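Here is the structure we will look at, set down as structure tokens.
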Amino acid sequence: MHGDEPGIALTPVDIDTTSVPRGGSTTARFRELDASGLVLKALRLAVFYLALLALWQLLYSLHVWSPYLLPSPSDVWHSFIDYVDNGLIQKAVRASMQRLVIGYAISILIGLIIGMACGSNKYVDETLGSLVLGLQSLPSITWLPLAILWFGLNQNAIIFVTFMGSVGAIAISARAGVQAIPPLYRRAAATMGASRYQSVRYVLLPAMVPSMAQGLKLGWSFAWRSLMAAELIFVTMGLGHLLNLGRDLNNMSLVLAIMFVIVAIGLAVDRIFFARVEAWVQERWGLEAA
């Protein structure tokens with residue numbers, strides 16, 4: 001300022017640095033919020049399922065349906081315990097999961113190859129890709145008669161049905177993942193002298209991961225459903241066989257108990273494996289949760 005020219009006097013401002021959150025305290029705060037959110041979510045789920053259980057017991061007590069058609073929750077629980085004690089449920093789960101793992105693993109391998117071929121070559125996509133899309137609309141259980149004729153009355157027929165139920169979804173997701181890759185990535189790899197293998201290993205596969213995460217989850221659900229449908233029709237040890245056993249014995253408690261086991265396995269695989277895969281993909285690729 002010059003002379004008596006009016007101006008604004010600047011005075012130092014005291015900043016309370018104790019009120020500024022430090023990195024460690026902020027991280028701890030976020031962890032506390034995350035933990036409290038998980039607790040609230042668990043409570044909501046518990047209240048929801050307890051309400052369903054109470055409604056079920058109420059319907060049973062009011063005799064809305066015959067106990068033959070709608071057994072009580074305690075009857076279903078006792079039936080579950082009985083078949084756990086005699087070991088049949090454990091044997092059935094083990095047999096079903098073995099078939100599922102084999103069929104699903106083969107479908108991942110074949111589905112990736114088909115999807116990458118369709119996504120990389122328009123002529124393959126126009127021919128083989130159209131066939132995959134057409135077969136995807138075919139219910140997987142319709143493959144069982146053909147599988148029995150090809151493989152005979154053994155578990156290979158069920159594995160084949162499981163494979164056919166999931167390979168289409170995985171191939172379509174892999175194809176979409178390849179087609180979504182910007183052409184600039186491939187040109188950059190070619191400019192840097194990358195071989196075909198290196199382009200697939202370091203460009204195609206990493207860029208396909210977000211799309212494949214959903215495709216693998218969808219393929220798993222299709223494989224699980226196909227397996228149960230095949231085991232229901234083809235008599236062999238498995239969860240589907242126990243469902244048939246409950247029907248033959250007019251034991252609705254056993255039928256419901258096995259249905260709950262099937263649902264529990266599906267939820268466990270989704271929460272323990274696929275939820276973690278999706279969280280990793282969202283963090284690694286910076287994607288928003290659906």
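Scanning segment 177-187 for residues that are buried (at least 17 other Cβ atoms within 10 Å of the Cβ), out of contact with any His (no Cβ under 7 Å at 6 or more places or on another chain) and either hydroxyl-bearing (Ser, Thr, Tyr) or within 23 Å of VAL76 (Cα to Cα) (or both) turns up nothing. Restricting attention to segment 187-236, the residues that are without any contact (Cβ under 8 Å) to a residue 24 or more places away in the chain and among the hydrophobic types (A, V, I, L, M, F, W, C) total 9. Residue selection: LEU100 satisfies the criterion of being in contact (Cβ under 8 Å) with a residue 40 or more places away in the chain, in a helix (DSSP H, G or I) and under 17 Å from GLU231 (Cβ atoms).
Conditions (1) under 22 Å from the mean Cα position of the chain (by Cα); (2) assigned to a helix (DSSP H, G or I); (3) at pLDDT 85 or above, marked per residue:
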site: ALA28; (1), (2), (3): no, yes, no
site: SER36; (1), (2), (3): no, yes, no
site: ALA42; (1), (2), (3): yes, yes, no
site: LEU69; (1), (2), (3): no, no, yes
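Are any of the residues in segment 265-275 touching a residue at least 24 places away in the same chain (Cβ under 8 Å), farther than 18 Å from ALA92 by Cβ and part of a helix (DSSP H, G or I)? Within segment 265-275 (the criterion being touching a residue at least 24 places away in the same chain (Cβ under 8 Å), farther than 18 Å from ALA92 by Cβ and part of a helix (DSSP H, G or I)), the answer is yes, since at least one residue qualifies.
Residue-by-condition table, conditions (1) more than 20 Å from the chain's Cα centre (by Cα); (2) assigned to a loop (DSSP other than H, G, I, E, B); (3) not hydrophobic (A, V, I, L, M, F, W, C); (4) not assigned by TED's automatic domain parsing to the domain that holds VAL200:
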{"residue": "CYS118", "(1), (2), (3), (4)": "yes, no, no, no"}
{"residue": "TYR123", "(1), (2), (3), (4)": "yes, no, yes, no"}
{"residue": "LEU128", "(1), (2), (3), (4)": "yes, no, no, no"}
{"residue": "LEU138", "(1), (2), (3), (4)": "yes, yes, no, no"}
{"residue": "ILE148", "(1), (2), (3), (4)": "yes, no, no, no"}
{"residue": "LEU153", "(1), (2), (3), (4)": "yes, yes, no, no"}
{"residue": "ILE159", "(1), (2), (3), (4)": "no, no, no, no"}
{"residue": "GLY165", "(1), (2), (3), (4)": "no, no, yes, no"}
{"residue": "SER173", "(1), (2), (3), (4)": "no, no, yes, no"}
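On the stretch given as segment 136-185, residues that are β-branched (Val, Ile, Thr), farther than 15 Å from MET116 by Cβ and touching a helix residue (DSSP H, G or I) at 6+ places or on another chain (Cβ under 6 Å) total 6.
The values are calculated or read from the model by the stated rules, or taken from the named source; none is laboratory data. Remember, it's a predicted structure, so these values are computed and weren't measured experimentally. A quick note on method: Cβ atoms are made from the backbone with ideal geometry, for glycine too, and the neighbour counts reach across all protein chains shown.
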